[in-house]
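No value in this document is a laboratory result; all are computed from the given coordinates. For clarity, every value in this text was computed on a predicted model and none was experimentally measured. Glycine gets a Cβ as well: all are built from the backbone with ideal geometry, and neighbour counts include every protein chain shown.
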Amino acid sequence: MDVFDGLPDPIIVDILNKVGDVRTILRCSSLSKRFNSLVPQSESLILRLDHSESDSPNIFRSLFNSFHGLLSLFSKPAKPIPTTALSPSHPSKILSRFDKIRSLDVELPRGDVKLDKGAAVKWKAEFGKTLKSCVVVTFRSAATVSPPVVVDGESDAEFVNGLKTRVVCTINSLMAASTRHYLMSEVVKEHEAMESLVIRDVEGEGMVVMDAEGLREFRSARGEYEEGRVVRNRRSVVPSVKMSMRHAPSVKLKSSGVCLESATLVIVRPSGVEYDVGDDAELATEAFAGNCMYGEAVVALLKCKKTALEMNSF
């Protein structure tokens, strides 16, 4: 007798949950009629998309053709653009056989924010119907240094000169996050039992998370998505936001001796949301918990002077 024949159905489903990978699990459905009936019951899945399935647009095609276009975000609200196609169909089709998904981890083939050679960015965004928060950390280069380096101050002129680059990088990150949010909109609406969704890229650049509350909020706004009021150019609309920016010319990481040049921390929240001063630190440290380099950089940058900026919806 086949050993699996003696296992109860819940144990086999739990094994499939441990496997996680959607493509592997779907292959298992061809093993037998029993597996074919149990595969759709998998609750915890990992979906790895290739370039064609992710179908995400290049974020540089909009808003950044000129500095003038960038400045317009700060001067006047953007006009809504009607949208009829609500989302790419590939992820939804791949997951169509599953009817009990509770936890979904989606891996994209690449990051979206392209920087100069030697520069790096990492971001984490939380969504419900729209953006709830986003934390962005960038630096120009990293090198091991011998003499101790401390977080230095900079003049107002130096800060202003580099402000354009920091703002553009932040907007790029927000657009990448809103594109990922939109990419999975049909999946979220179709799988109402889902309680956790994480969308990341294989390069580890950025992450979109939706918890149970955020997923419920998104589904309650289904009518707005169907009418195209909160989507634009194959991405979710980013609401008007306020940004808390902290910058240091150099940050020395004590744990590794690495020096990060032109390091920046930006914390983004929707305008009109009230929060305590200490919430910035909690949100930023939680975003990069478990990542030694970025987590240590966040702790150092939180000690720097904060600059407040506001930006219209786009």
Report the FRET efficiency, 1/(1 + (r/R0)^6), for S141 and H90, where r is their Cβ-Cβ distance and R0 is 30 Å, rounded to 0.05. 0.25
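Per the Cauchy relation, a quarter of the hull surface: what is the mean projected area of the convex hull of the alpha carbons in segment 228-314, in nm²?
For segment 228-314, averaging the hull's shadow over all directions gives 7.2 nm².
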Extension gain from R110 to S37, taking 0.36 nm per residue of separation minus the Cα-Cα distance: 22.9 nm
Take the residue pairs K122/K306; K122/K252; K132/K305 and return only those whose Cα atoms are more than 22 Å apart. K132/K305
Would you grab the residues whose amide H sits under 5 Å from the one on D201? Only those 5+ places off in sequence or on another chain, please, with H modelled 1.01 Å from N. L108, G206
Only sites in a loop by DSSP and with at most 13 other Cβ atoms within 10 Å count here; which trypsin sites (Lys or Arg not before Pro) in segment 268-312 make the cut? K303, K305
Which of the peptides 34-44, 128-138 is most tightly packed, and how do the rest follow, going by the mean number of other Cβ atoms within 10 Å of each residue? 128-138, 34-44
